[in-house]
Every structure is written in structure tokens, then in C-alpha cells.
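S.K.: Take a look at this one; I'll ask things after.
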Amino acid sequence: MKRHNALQLRGVGKTFDGFQALQQADFLVRWGEVHALLGENGAGKSTLMNIAAGLYAPETGELLVDDNPVRLRGPADAARLHIGMVHQHFKLVRPFSVAENVLLGLPAGQGSHRRRLAEISERIRQQAAALGFAIRPEQRVAELSIAEQQRVEILKVLLAGARILILDEPTAVLTDGEGERLLETLRALSAEGAAVVLVTHRMQDALTYADRLTVMRGGRTLRSLDPAEVSVDELVRLTVGDAQPLADTPRRAAGAPLLTVRGLRTPERGGRRALDGIDLELRAGEIYGIAGVGGNGQGELADVLMGLPQPYEGEVRLEGFGDLAAAASARRRDLRIAAIPADRYGSALAGGLSVADNFAIGAVHSGRFGGLARLDRRAQEEATQAAVTQFDVQGVRSVRQKAALLSGGNAQKLVIAREFGREPRLVLAHSPSRGLDVRAGAEVQARLLAAREAGAAVLLISEDLDEVLALADRIGVMSAGRLVAEFQRPADRQAIGHAMVNHA
Ligand SMILES: Nc1ncnc2c1ncn2[C@@H]1O[C@H](COP(=O)(O)OP(=O)(O)OP(=O)(O)O)[C@@H](O)[C@H]1O
Ligand SMILES: [Mg+2]
């Protein structure tokens, strides 16, 4: 089948404060295809697609839609040309309803707000039904899970008329099952003629679902190729060079219990509890992995343990301290608790603050930089710079620049640099390698192993079963808010899979 060109970028260049983020980048997606855009953290994928969506103006090069040169002065121009983008970090207004958010994506129209809201609500219901999304227009965005919010973003661009759909790492925030469903949806949309760009770090997804691939490196588009031409290994080599295989150290017996969780429950909502009686003992020098199908309480468990807002009953005791509920976030850092939440921008970073300030959030309270009142700015900046170098956080021209300007994966590396900077005694990690390129992901996994080696207790909550199998000494399977089975290393993949679904 001959496919016609939908969107093309030619010779695109873009600098940020003198930093060349894109250089002579070329990209072409055709109608009726899913096109995967790959490349290491900071390669320029989001920047290139932000240009395609009218958010940034390129300094050199041109954009063509249906082979016609176009100029986008903003996202509204892109929308008129049926280009819509779902961003790496969602842009929904949380206190608003689904319908209000979708309405915000449409040009101003006729009629009263109420009437338009009623109309758009009907269209949302239809579109959601067509895609199999369980989303209701009157729901408030703040009450939706990440996966649901993403569906709202997709509905929003589709209802704004997008036929060229760009999704920036959409599966990075989803569980495996949710991700697969989304990728099937994208395939269906392309089968109906849409042009779909999928930015992803998951090589296997790209090979399975894409009709065409483009690899970026260092602001350039390296190559475009056919999925049939390459293997996962070759793609990894193309994107990040040679990734080091995970070097596991010999495992020692775990030490004394460090964290004890008893009878953890969250309040009943709609006849069920997200956490319904969790008992868990985490020992020094072990990695305890929590596996399970996403949405079985993992997020709530992480929130409770990390001290994020989440009402609960039961007890979380840290050896030598007592009830963790009483510990403010400052105190947690003194206790050398490292927390890597799944939602980095929501809970771990303040995008509007500088890289150095974000880094210092972890140290100010401890007095390391002179306390809040007289922050030793120089020391803070130097320490940040050292950590940025050590943890290979790329794209930091100055530690005074805003954290929001980092690429998604590099923002995540900053969180990890901060949290691992103080030799943690307890590590709480929720999907820590998500959104990282293959090499950076392996580095994070190596850090978890090193923390265990240094005697820390590590709780690894991850919906990536391979990650859990590779790292954990013990594995608890979570289902419907409970730990329904426990396995010792080396654990049988099939048996775990069985436990995951049989209790669901
Ligand atoms: N608004 C901005 N201001 C300054 N620098 C920026 C801005 N946006 C992106 N950059 C820089 O441009 C480079 C490319 O970033 P981009 O977000 O496009 O990477 P990416 O390929 O999407 O990476 P990731 O996989 O981590 O999301 C990075 O070094 C980033 O720090
Ligand atoms: Mg990106």
C-alpha cells in the first residue's frame, strides 16, 4: 500500500540559550502508520515533536503537512492542521472536569458555556465508548488515575480534530496492561488512516507496534528504518551505544528487620479498599520486590510509605525511630530514607525551582548547606554540580536553570541523584527506571543493588516483572490491595504471573 506523507520535518535546528538541542533533524510520518521515535534521554525527541505541535518555532528547517510547507505560530495553528500532541507531562487542569478540559482544547465557539459543555460531554461519551475508555465527562481530573488522565488527553486531541497524533512516551506512565491497551488503540487509529507518532524507550513496543522507526541521538536524527530490519539488541545499540548488562553481586543473607508494616488499610471507597490489610517486613540488606498488575494498590502503598497525602489505618514502623507517620519529610531525610515516586513531577520535583534548589530540598533540613535561613548558595551549587556530573544528568548548562527544562529522563536522574546522594538506609522506589533510556535504566538498577550491598533495605514496587525478577531477593505479589503470595529468589516467573492474575 502506498502511504502518503502526513507530516514532515526537514533540516530542523533549535537552540536553547546557546545549547544546540536539535541539528539538521529530519522526520517523516505517513498517513496510516504508527511511527516510533526512539533515542536516549536528552536526544531531542520531545523538542522535535514540540516543534511539530507548534509549541516551539524552529530556527532552521521546514515543516510540511501533506507535502505543503507550513508555518506554525502556535498550537492552535497545529490544531487547524489536525496535529495534536499528548505531552510527556500532562497539561490538564486538575480541578476541572473532563468535559471542561476537553472544551479548553477547542477554539472558542457559539452558544452558552452550559450548552457547549453538554454537547462536548455527549461527544466525549461517544468517543470514549468507541475507544473503550471508561471515562465520564463529569469526572474531575484530580480524581482520575494517571492512566485515566492520559485517556482524557487523548480524547482531548481527538475531539479537537487531530489526525496526526503525537504521543510523547505515553506508556512510561502506564502499567504493562494499560500500555498494551493504549498501543492497540493507536494501531486501530492508524488503521483508520491517522498518522501516529509514538515516542518511546521501549524497544519491544516499537518493534511490535510501529510500521516505521526513527532513531535520534545528540539532537540529530540518526536513521529511519523498518522494524523488520532490526532486533531489540540492534536498536539498543543504535540508541544508546553498548549498554552494560546488569552485574549482580553475590547475595548475602538479609539482616535485621528495618521497616515493619502492619494492617495497612485505606478507607473504603465505592465498596472496596485500595489497601486492604498489608503486612510486610523489610530487612536491611535485601531488596523486596512488589509485583502485580497495575492498579492493585501499588500506588497507594507507595504514597503511604513515602509520606505522601493518603489517609490510612495501620502501622508503619521504622526500626530505631518508631511510627513513620509522625515523620515530616525533613525528618525522613535525616533518617536517610530515599523516596523515588512514580510521578516525578507531581511529587518529587518543583519544576519552577532551579536544579540546585531541587537538589537542596534534600539537604537543607539537615543543615548541610547552612539551614534554610542562611543557605550557603555556593556550597549548594557546587554539591549539585558534582551530583549532576556523577549521576550523568544531561542538559544542565547551569545548576541555576529551572528543573522543568530538563528532558523527562534527565529530570528523573536528578531525583535519583538527590535521593541516593546521602547513602540511604531505606530506599522506597516505585517504577524507578520508567522513562529512562536503556543505559540510564540499567544504572538505576545497579544503584538499587549497590544500596542493598551497602546494607540498605530496598522496597521496589514495579509493574515490570522482569525488573523485579532481576533485582529482588523476595517478591510479594499484590492483588486487590493485599499481598497474596510471596516468593524467594530465584523465583519462578510463571508462578508469579499466576498469582498476579488469579487473585485479581
Ligand atoms: N525549554 C528548554 N530550555 C532549555 N533546554 C531545553 C528545553 N527543552 C529541552 N531542552 C534541552 O534540550 C535537550 C533535548 O531535550 P528533549 O526534552 O527534547 O529530550 P528527549 O529526547 O525528549 O529526552 P527524554 O527521553 O529524557 O524525554 C535536553 O538537553 C534538554 O535539557
Ligand atoms: Mg522527552
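The values are calculated or read from the model by the stated rules, or taken from the named source; none is laboratory data. This one's a predicted model, so the numbers in the text were calculated from it and none came from an experiment. Cβ coordinates were reconstructed from backbone atoms using ideal geometry, including for glycine residues, and neighbour counts include every protein chain displayed. Heads up: the accessible areas ignore ligands, DNA and RNA and are worked out on the full protein's heavy atoms, side chains in. Shrake-Rupley method; radii C 1.70, N 1.55, O 1.52, S 1.80 Å.
S.K.: Given a 1.4 angstrom probe, what's the average accessible area per residue across the range 228-355, in square angstrom?
M.R.: Working: 6020 Å² over 128 residues.
Spelled out: the 1.4 Å probe surface of the range 228-355, per residue, equals 47 Å².
S.K.: Does the range 5-240 come out rounded, prolate or oblate, given a ≥ b ≥ c as the square roots of the eigenvalues of its C-alpha gyration tensor, rounded meaning a/c under 1.5 and, failing that, prolate meaning a/b above b/c?
M.R.: Values: a/c = 1.88, a/b = 1.42, b/c = 1.32.
Taking the square roots of the gyration eigenvalues as a ≥ b ≥ c, the range 5-240 is prolate.
S.K.: Note down the magnitude of the dipole of the range 5-240 about its Cα centre, charges +1 on Lys and Arg C-beta and -1 on Asp and Glu C-beta and zero elsewhere, to the nearest 20 debye. Working shown, then result.
M.R.: Working: 27 positive and 29 negative charges, 160 e Å.
The dipole of the range 5-240 has a size of about 760 debye.
S.K.: Could I ask something else about it? Nearest 10 degrees is fine. How inclined is helix 113-131 to the longest principal axis of the chain, computing both from alpha carbons?
M.R.: 80 degrees
S.K.: Over what distance in Å are the Cα centres of the range 305-338 and the range 409-436 separated?
M.R.: Each part's Cα centre sits 18 Å from the other's.
S.K.: Still on this structure, please answer the following. In degrees from 0 to 90, rounded to the nearest 10, what is the angle of the helix 438-453 Cα long axis to the longest principal axis of the chain?
M.R.: 10 degrees
S.K.: Also, I was wondering about something else. Ignoring any ligand, DNA or RNA, what whole percent of the accessible area of the range 5-240 comes from carbon and sulfur when the probe is 1.4 angstrom?
M.R.: 48 percent
S.K.: By DSSP, what percent of the beta bridges with both residues in the chain are antiparallel, rounded to the nearest 5? All intermediate terms of the calculation are to be shown ahead of the outcome.
M.R.: Numbers: 43 of 78 bridges.
Counting DSSP beta bridges with both partners in the chain, the antiparallel share is about 55 percent.
S.K.: Once both axes come from the Cα atoms, what is the angle between helix 408-420 and the longest principal axis of the chain, in degrees from 0 to 90, rounded to 10?
M.R.: Taking the Cα atoms of the chain, the angle to 408-420 is about 10 degrees.
S.K.: Hey, another quick one. With all protein chains present, how much of the accessible area of the range 292-338 (probe radius 1.4 Å) comes from carbon and sulfur, to the nearest whole percent? Walk me through the intermediate numbers first.
M.R.: Values: 960 of 2110 Å².
In the range 292-338, the share of accessible area belonging to carbon and sulfur is 45 percent.
S.K.: Could you please report the charge total around residue 357, scoring K, R as +1 and D, E as -1 over all other residues with beta-carbon less than 12 angstrom from its beta-carbon?
M.R.: +3
S.K.: Sorting check: for 34-41, 460-467, which peptide has the highest mean count of neighbouring beta carbons within 10 Å, and how do the rest follow?
M.R.: Working: 34-41: 25.4, 460-467: 21.5.
Put in order of decreasing packing, that is 34-41, 460-467.
S.K.: What whole-number value in cubic angstrom gives the convex hull volume per residue for the C-alpha atoms of the range 15-86? Intermediate results must be reported in sequence, preceding the final value.
M.R.: Working: hull volume 7.6 nm³, N = 72.
Each residue corresponds to 105 Å³ of Cα convex hull volume.
S.K.: Taking the convex hull of the alpha carbon atoms in the chain, what volume per residue do you get, in Å³? Could the numbers behind the result be given before it?
M.R.: Details: hull volume 80.4 nm³, N = 504.
Enclosed volume per residue, from the Cα hull, is 160 Å³.
S.K.: Within 10 Å, count the other beta carbons around each residue, average over each peptide in 87-97, 161-171, and list them highest first. Intermediate results must be reported in sequence, preceding the final value.
M.R.: Values: 87-97: 16.0, 161-171: 23.1.
Going by the mean number of other Cβ atoms within 10 Å, highest first, we get 161-171, 87-97.
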